[in-house]
1. Specify the angular offset, from 0 to 90 degrees and rounded to the nearest 10, of the alpha carbon long axis of helix A:103-115 from the longest principal axis of the alpha carbons in chain A.
2. With a 1.4 Å probe and every protein chain left in place, tell me how much accessible area residue B:114 has, in Å² to the nearest 10.
3. Quote the FRET efficiency, to the nearest 0.05, computed for residue B:75 versus residue A:8 with a Förster distance R0 of 25 Å and r equal to the Cβ-Cβ distance.
4. Please compute the contact order of the range A:1-126 in relative form: average sequence separation of alpha-carbon pairs under 8 Å and at least six residues apart, divided by the residue count, as a percent.
5. Springs between alpha-carbon atoms under 10 Å, Gaussian network over chain B: tell me which of B:38, B:54, B:118 tops the mean-square fluctuations.
6. Sort A:15, A:76 from largest to smallest accessible area, using a 1.4 Å probe on the heavy atoms of the protein chains.
7. Express the carbon and sulfur contribution to the solvent-accessible surface of chain B as a percent, rounded to the nearest whole number, probe 1.4 angstrom.
8. Find every distance from the label point of residue B:96 to the corresponding label point in the other copies (7 Å from Cα along Cα→Cβ) and write them in nm, one decimal, shortest first.
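The values are calculated or read from the model by the stated rules, or taken from the named source; none is laboratory data. As the structure is a computational prediction, the values presented were derived from the model and not from experiment. When we count neighbours, we look across all protein chains shown, and the Cβ atoms used for this are built from the backbone with ideal geometry, even at glycine. The area values use the complete protein model at the heavy-atom level, side chains included, leaving out ligands, DNA and RNA. Shrake-Rupley method; radii C 1.70, N 1.55, O 1.52, S 1.80 Å.
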There are 2 protein chains.
Amino acid sequence: MQGQHLRNAGLKVTSPRLKILEVMESSDERHLSAEGIYRALLERGHEFGLATVYRVLAQFEGAGLVDRHNFEGGMSVFELADRSHHDHMVCLETGKVIEFVNDRIEQLQEEIADRHGYTIEDHSLVLYVRPKSS
Amino acid sequence: MQGQHLRNAGLKVTSPRLKILEVMESSDERHLSAEGIYRALLERGHEFGLATVYRVLAQFEGAGLVDRHNFEGGMSVFELADRSHHDHMVCLETGKVIEFVNDRIEQLQEEIADRHGYTIEDHSLVLYVRPKSS
DNA sequence: ATGTATGCAAAACATTTGCACCTGG
DNA sequence: CCAGGTGCAAATGTTTTGCATACAT
């Protein structure tokens, strides 16, 4: 049961939190907007306020349970932080999100920050792409 | 005169447009928010509506005169598109923005997109950093 | 003259917050 | 019981838009 995840994060086990976790775990889309989660909850018969969804997601983010991404288009998308680090490729035609990792890029980023006297706290790499026409 | 830039972009040469270009060219900060530009204009005695600033920036973006970036923090920053491509490092302590280029990273990105059957239309790489404490 | 630009106020949008009420442990 | 969570509505902050007026060419 994911109730444990919540307890481990120091969060009370409540219905909104459990259901939101459930939606994020079982959704086809790994990357969901707050609104998307809100609608998915409705479809499953759970009517929580949108404000609650936002609050829960913010707490989850703070607890390291989810990552928030700010892709273009003005709204945040959230994904379960159940995998190791990766970056994103967003298809501009279909909206599809592809994940990828490249250790060499990660390493180069570290080197660049280091060279300037900084350490990386966080980073965001997003490729906006289109299917090859060929 | 930068009036030519505007004409080349197919835009009428108007006072707001000229002054906004001027501010962006002469500001200490290369990366400005719409509000920041609005305030800089006021300081120079030009009172245009904030809506105009946004509209002009949107047109400039469309014309390729400026780039818009969506760093964390909810608001866009704009910079003159007068340099070749580069990525950004944002200091979380000071808000300072450092630009950098790394051809190897650029190349790796191309390879990754290509490997997945896509071509890159645009990309965003931002490192959120802190000064090395050492 | 005439198609665009602008100004202002109002709308839109995603997100956050205040506060009274509920609930998990 | 009581700290903390939730619902709702209202506030927020950024950006966009509608419409009447002003301007560049």
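1. 70 degrees
2. 80 Å²
3. Working: r = 35 Å, r/R0 = 1.39.
Given R0 = 25 Å and the Cβ-Cβ separation, E is 0.10.
4. Details: 116 pairs, mean separation 21.4, N = 126.
Over the range A:1-126, the number comes to 17 percent.
5. Looking only at B:38, B:54, B:118, the biggest GNM fluctuation is shown by B:118.
6. On the way: A:15 60, A:76 25 Å².
Solvent-accessible surface, decreasing: A:15, A:76.
7. Details: 3310 of 7380 Å².
Of the solvent-accessible surface of chain B, carbon and sulfur hold 45 percent.
8. 4.3
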